[in-house]
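Worksheet for the structure shown next.
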Amino acid sequence: MPLFAVTVFLSAFLLFQIQPMVAKMILPWFGGSSSVWSTCMVFFQAELLLGYLYVHWLHETLAPRRQTLVHVVLLLASLATLPVAADPSWKEAAQAHPTLNVLGVLATAVGLPYLLLSTTGPLMQAWYARTFAGVMPYRLYALSNLASMLALLSYPVLVEPFLEVRGQSLGWSAGYALFVVACCATAWWSWRSVSAEREAVAAAPADVPRPTWRECLLWAGLAMTASTLLLAMTRHLTQDVAPVPFLWVLPLSIYLASFILCFDAPRYYVRPLFLAALPAAFFGLDWIMDEGMPVPAMIALISASLFVFCMVCHGELVRRKPHPRHLTLFYLMLSLGGALGGIFVGLIAPAAFTAYFELPVGLFLCALLVAVVLWRELRRPLWRVVLLLALCGYGVRLGMVSMEFVDGYRLVVRNFYSQLRISERQDGELGVKRVMVHGRINHGEQYLAAEHRRTPTTYYCHESGVGRAIFSLPQERPLKLGMLGLGAGTLAAYGRKGDEMRIYEINEQVLDLARSEFSYLADSPARIVPVLGDGRLMLEREAAQGFDLLAIDAFSGDSIPAHLLTLEAMQGYLRHLRPDGILAVHITNRYLDLQPVMAAAARHYGKTALLYALERDDDNDFCFTSDWVLIMSPERAAALPLVMNDGEPLKPSPGFRPWTDAFSNLFSVLK
């Protein structure tokens, strides 16, 4: 038993430790988008399905001793792929087809080791059930989920803050080699425990009825529902806060915790209690989708609701688990359902939907399956009618909420990088203004009246840090300005005849909307040069541009692509500035204090960092609250005009470690 337990624990721990690790490796190559994690989950679930399919084939077609031989050979072959690392050559063409390229880089980096790790849980359980006749192996599944949860929770707390990516890769590879030793030892012990006579008996099919196709579909449907809700609710978190490991692993840990509770001790699934809590969870998500709320409360409510959904789905699965003879079929259906949920959220939804409809779809699917489960148990026709009416009513409500995602907007579009909505609203005496929204965050607005349409607004108004920086530049000669992140194109309002504005934007839909729905770009007398692609990667490939000012404003809502704030990124930005140029970084954020990051980077390169914080004035409709950090040489800072002397010098926090491509710590900057 200890040997089986150690092997299962190691495999599950490594299986889920590699997920946030490799996602962090490749996140900068794909613009820091939260969709990277969703696509990674599609890959991991597809690999899991392949692993379970392999185990099912092995269990059903090969004799026990041949199973051990085949598996040991594959394990030893996988050692040749170590150490695991993402191939940097994928970075060059990453954004041409981001979804396919995420899948491709993962396949080459961790494909074979991950596949073999994914086979361990069901394979060890099958061998364990064969070796110890009459013993239920499902507690090993609970152990594997416990190890998975520990791996996920330990990554953002114990691994990410202290180890660079290279050290993480080497440590994981050493752990994988240890796992191979443990798994081979288990295979050898299993080989010895099966005599020729027992092998023939073990290979013979037991006289146990095979589960019906309806039961298999229900298994897959319950697993798909939990997977769909996991990914849809994770996306809801990461698109407006930050696509970082902590917000990836929290929902996934809750998902795994429900597996542990349901499979280790089914009594924890108190069916009446969780079925009674289900309507409250449904209405909680309805509230979030309809009204929104402060992020701490949103995280708490999403976490509690997800726990209820997963406990119901996985609790009903455990109630229907088959005899160990059909254990591999059961796990195959679970992995099939999980993969289908991942494919729906990660691949189909971004291509088929203009808004984030996958969350309402997942909620209705959960309600529908619960109704199917309860239908057989409700004998009285009246209760069945009540159940059917409740399901229909909830479906209508979800349809109404889904329509609110797109109603009242001029245009709604979506792709791998984001969902964008264009709205119009009346704003008192200033007239109609047009607004670009990503999630719940304003990404630029413009008044349509002729007298105001060329006036910069929101975070880029004249009184903002970036506005004041542009006015401080030499006015007697043409200027060259750079922008990472386009939004509505507001900064183009500062362009003069003879100036050049070079704008880097990763999302082609943003550029299309800035041209078709706003007129900042068309009205600007400056020469506008758009460059499609991740701004940092594009700048790395270009010769020094000699910018008078380079503005970094490429965040999605309050989501922070950390790769734009590292020392390596700052080095690239500074390379493109004139000696007296200014780097302007927009750090307005409700949840993260990025001042220490800016101060540490500025000190590292011997620069001065000044914070210009603007509070919103009710009498000024053009300006939003904004925080801009201006980074420049000490000589340039000393020569600033007197009107710029109110900038607050940023001093490095004691003990704060600068962010690099190999290291960043979100916990250190939480407000």
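Please treat every number below as a calculation from the coordinates, not as lab data. The shown structure was predicted, so the numbers you read here are calculated from the model rather than taken from an experiment. For neighbour counting, all protein chains shown are included, and Cβ atoms are generated from backbone atoms with ideal geometry for every residue, glycine included.
The trypsin sites (Lys or Arg not before Pro) found in region 484-543 that occupy coil by DSSP, while having at most 10 further C-beta atoms within 10 Å, are 497.
According to the Cα-based calculation, Rg over Rh for region 210-405 is 0.96, with Rh computed by the Kirkwood formula.
Of the trypsin sites (Lys or Arg not before Pro) in region 592-647, the ones in a loop by DSSP (not H, G, I, E or B) with at most 13 other beta carbons within 10 Å are 616. Each of 304, 258, 398 was placed along the dipole of region 210-405 (beta-carbon charges, centred on the mean Cα), and the one lying farthest toward the positive end is 258.
With the gyration tensor restricted to C-alpha atoms of region 1-115, the semi-axes of the equivalent ellipsoid amount to 30, 14, 13 Å, longest first. With no solvent and one equal point scatterer per Cα, compute the Debye intensity ratio I(q)/I(0) for region 408-504 at 0.18 Å⁻¹ and report its log10, rounded to two decimals. Summing over Cα pairs of region 408-504 leads to -0.93.
Database note for the chain: Cys without another Cys beta carbon under 4.7 angstrom, 40, 183, 184, 216, 262, 310, 313, 366, 392. Could you name the aspartates and glutamates in cross-link range of residue 497, using Cα to Cα under 13 Å and dropping any fewer than eight places away on the same chain? Within reach: 476, 523.
Go through region 307-402 and name the GluC sites (Glu not before Pro) that are in a DSSP coil and have 13 or fewer other Cβ atoms within 10 Å of their Cβ. Could you put the intermediate results ahead of the total?
Numbers: sites: 316, 358, 377; in loops: 377.
Passing sites in region 307-402 are 377.
Along region 71-83 the Karplus relation, 6.51 cos²θ - 1.76 cosθ + 1.60 evaluated at θ = phi - 60°, assigns HN-Hα couplings of 5, 5, 4, 5, 4, 5, 5, 5, 4, 5, 8, 7, x Hz to successive residues, with x for each Gly and Pro. The H on the amide N of residue 624, modeled in the peptide plane, is under 5 Å from the matching H of 458, 459, 460, 461, each at least 5 residues off or on a different chain. Backbone phi angles across region 498-513, fed through the Karplus curve with coefficients 6.51, -1.76 and 1.60 (θ = phi - 60°), yield HN-Hα couplings of x, 6, 10, 10, 9, 10, 9, 9, 7, 9, 4, 5, 4, 4, 4, 5 Hz in residue order; Gly and Pro are listed as x. Distances between placed amide hydrogens fall under 5 Å for residue 502 paired with 481, 482, 483, 529, all partners being 5 or more residues away or on another chain. In region 462-669, the alpha-carbon atoms span a convex hull of 128 Å³ per residue. Using C-alpha pairs below 8 Å separated by at least 6 residues, the relative contact order for the chain is 14 percent.
Based on alpha carbons, the Rg and Dmax found for the chain are 27.8, 95 Å. Per-residue Karplus couplings for region 365-379, computed as 6.51 cos²θ - 1.76 cosθ + 1.60 with θ equal to phi - 60°, are listed in order as 4, 4, 4, 5, 5, 4, 5, 5, 5, 7, 4, 5, 8, 8, 7 Hz, Gly and Pro entered as x.
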